[in-house]
């Protein structure tokens with residue numbers, strides 16, 4: 001059940017006239033930003049609360065839309081999408097005033113009585129291009145950060161999840177300010193036209209090939225950009241782990257949303273012995289998860305469309321299937337599938353799978369696993385299952401990835417005090433929690449000086465006429481040194497000086513005969 005709010009709406013345009021309207025939309029948003037409306041913390045909170053109400057009031061509508069797009073189970077829609085956004089907003093509302101406050105910094109001797117701080121200000125007009133696999137989370141989570149930082153935004157949902165895009169088109173106008181946020185639906189032509197306009201920041205979630213196109217468009221105006229991409233996230237499974245617990249965690253992370261998750265483990269590296277143990281355990285656990293016939297399970301999503309369905313099927317041609325391997329093109333169904341004895345040269349290892357297929361590549365040892373990982377593009381996430389600290393340390397220091405998760409999969413995304421983002425081909429920039437706020441904020445450096453005559457005398461060493469004596473004195477003053485005092489020492493000194501001052505004043509007054517007794521301030 002939706003609730004109409006007459007005071008707030010998002011601009012929506014008929015598709016046939018959309019391209020011609022872009023300049024008009026952007027001018028309106030820029031006018032709002034120039035008037036400073038979105039910079040008010042109270043306004044930001046109001047809009048965040050409105051977005052929260054959207055997710056709360058329309059949970060069932062959103063669940064149905066994601067069911068239509070991906071056959072996504074209600075559990076996954078609520079936990080991984082709707083509640084994710086609500087929790088994101090809660091965190092922003094709790095911390096917004098603190099994060100928006102000036103961040104004071106240390107300084108050198110010449111500026112000791114002056115102020116240096118970081119002032120966070122919004123970039124201005126932001127373009128957010130969402131993704132289809134988590135069509136709500138990956139569209140609205142960046143928007144939460146953009147709103148919290150005080151920006152105006154153009155929001156472009158993915159056309160590959162049309163039901164969710166239509167619902168957002170219907171719902172956002174009922175909640176958010178139409179002068180600050182514009183939602184534009186459409187496909188490649190509409191996105192191409194959008195990218196011809198100038199923005200102050202672009203945030204894109206999707207695949208590396210399109211990410212390169214987005215970056216090229218941003219380069220035209222030197223627009224800063226965040227690219228949340230993907231890649232083949234590897235998983236090394238050590239033989240000295242609890243194989244049952246490990247197997248449950250791996251299979252859940254792989255087959256949630258039918259494997260259409262950017263941080264899903266893409267393939268497993270392990271010994272041949274561990275491979276056999278894993279396959280035996282996985283067969284039993286998958287039956288627990290989805291029953292003997294996963295096609296009938298209400299807990300298994302579907303591939304987004306037939307194009308992606310066919311692509312995944314082609315990847316596993318001639319592979320050795322040991323679990324699953326069932327396909328129904330009419331409903332884009334692929335059963336949870338495990339492949340054994342996969343070679344690095346096999347087609348399934350050449351690109352990100354993005355589906356419910358888990359290859360196992362046998363390796364001799366840790367060193368071979370690390371060598372294989374380092375031979376490929378740096379992944380968005382890297383997973384390690386091991387109880388040995390030396391193995392964990394070796395992977396941490398010998399590999400490069402956007403994130404590193406030990407003895408579980410995917411759940412590190414739920415920790416918003418950790419930055420989420422890729423490196424190299426898996427993306428650039430990061431967000432979640434405060435990282436979202438900072439991503440959509442320009443960090444302005446501020447120095448505020450006074451006219452203290454003593455410090456001006458020190459600072460006058462910079463003025464001509466130059467001499468070696470002036471230069472040497474100035475370098476001595478500016479030289480970086482370790483702080484010999486622990487954190488908080490200035491506060492302790494001020495407190496002690498306050499007590500000493502009170503005691504001295506007490507005795508002066510008593511000695512002067514004006515007062516016979518003056519109690520200590522702490523009596």
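The values are calculated or read from the model by the stated rules, or taken from the named source; none is laboratory data. It should be emphasised that the depicted structure is a prediction, and the values quoted were computed from it without experimental measurement. When we count neighbours, we look across all protein chains shown, and the Cβ atoms used for this are built from the backbone with ideal geometry, even at glycine.
Within the stretch 476-501, the residues that satisfy the criterion of being at pLDDT 80 or above, closer than 18 Å to residue 112 by Cα and surrounded by 10 or more Cβ atoms within 10 Å (Cβ to Cβ) are 476, 477, 478. Taking the stretch 307-337 as the range and being under 30 Å from the mean Cα position of the chain (by Cα) and closer than 16 Å to residue 352 by Cβ as the test, the residues that pass are 307, 308, 309, 311, 312, 315, 334, 337.
Could you tell me which residue of the stretch 449-473 is farthest from residue 102 (Cα to Cα), considering only residues that are touching a residue at least 40 places away in the same chain (Cβ under 8 Å) and surrounded by 12 or more Cβ atoms within 10 Å (Cβ to Cβ)? Spell out how you get there, then give the answer.
Taking the stretch 449-473 as the starting set, the residues that turn out to be touching a residue at least 40 places away in the same chain (Cβ under 8 Å) are 449-450, 452, 455, 458-459.
This time we only want the ones that are surrounded by 12 or more Cβ atoms within 10 Å (Cβ to Cβ), so: 449, 452, 455, 458-459.
Values: 449: 16, 452: 23, 455: 24, 458: 27, 459: 25 Å.
My answer is 458.
Based on what the data block shows, is residue 122 buried (at least 18 other Cβ atoms within 10 Å of the Cβ), under 16 Å from residue 436 (Cβ atoms) and touching a residue at least 24 places away in the same chain (Cβ under 8 Å)? The answer is yes for residue 122.
Can you tell me which residue is nearest to residue 415 (Cα to Cα) among those in the stretch 89-98 that are touching a residue at least 12 places away in the same chain (Cβ under 8 Å) and surrounded by fewer than 17 Cβ atoms within 10 Å (Cβ to Cβ)? Spell out the reasoning first.
Let us first name the residues in the stretch 89-98 that are touching a residue at least 12 places away in the same chain (Cβ under 8 Å), namely 89-93, 95-97.
Cutting the leftovers down to surrounded by fewer than 17 Cβ atoms within 10 Å (Cβ to Cβ) gives us 90, 93, 95, 97.
Details: 90: 14, 93: 17, 95: 15, 97: 21 Å.
Looking at the filtered set, the residue picked out is 90.
The residues in the stretch 303-334 that are surrounded by 18 or more Cβ atoms within 10 Å (Cβ to Cβ), in contact with a strand residue (DSSP E or B) (Cβ under 9 Å, 6 or more places away or on another chain) and under 25 Å from residue 380 (Cα atoms) can be counted, and the count is 6.
Close Cβ contacts (under 9 Å, 6 or more residues apart or on different chains) running from residues in the stretch 292-321 that are at positive phi to residues that are surrounded by 15 or more Cβ atoms within 10 Å (Cβ to Cβ) comprise 318/346. Taking the stretch 52-63 as the range and being without any contact (Cβ under 8 Å) to a residue 24 or more places away in the chain and closer than 21 Å to residue 159 by Cβ as the test, only 63 passes.
If the requirement is being farther than 18 Å from residue 442 by Cβ and under 17 Å from the mean Cα position of the chain (by Cα), which of these qualifies: 131, 165?
131
On inspection, residue 19 passes the criterion of being at pLDDT below 95, part of a helix (DSSP H, G or I) and in the same structural domain as residue 191 (by TED's automatic domain parsing).
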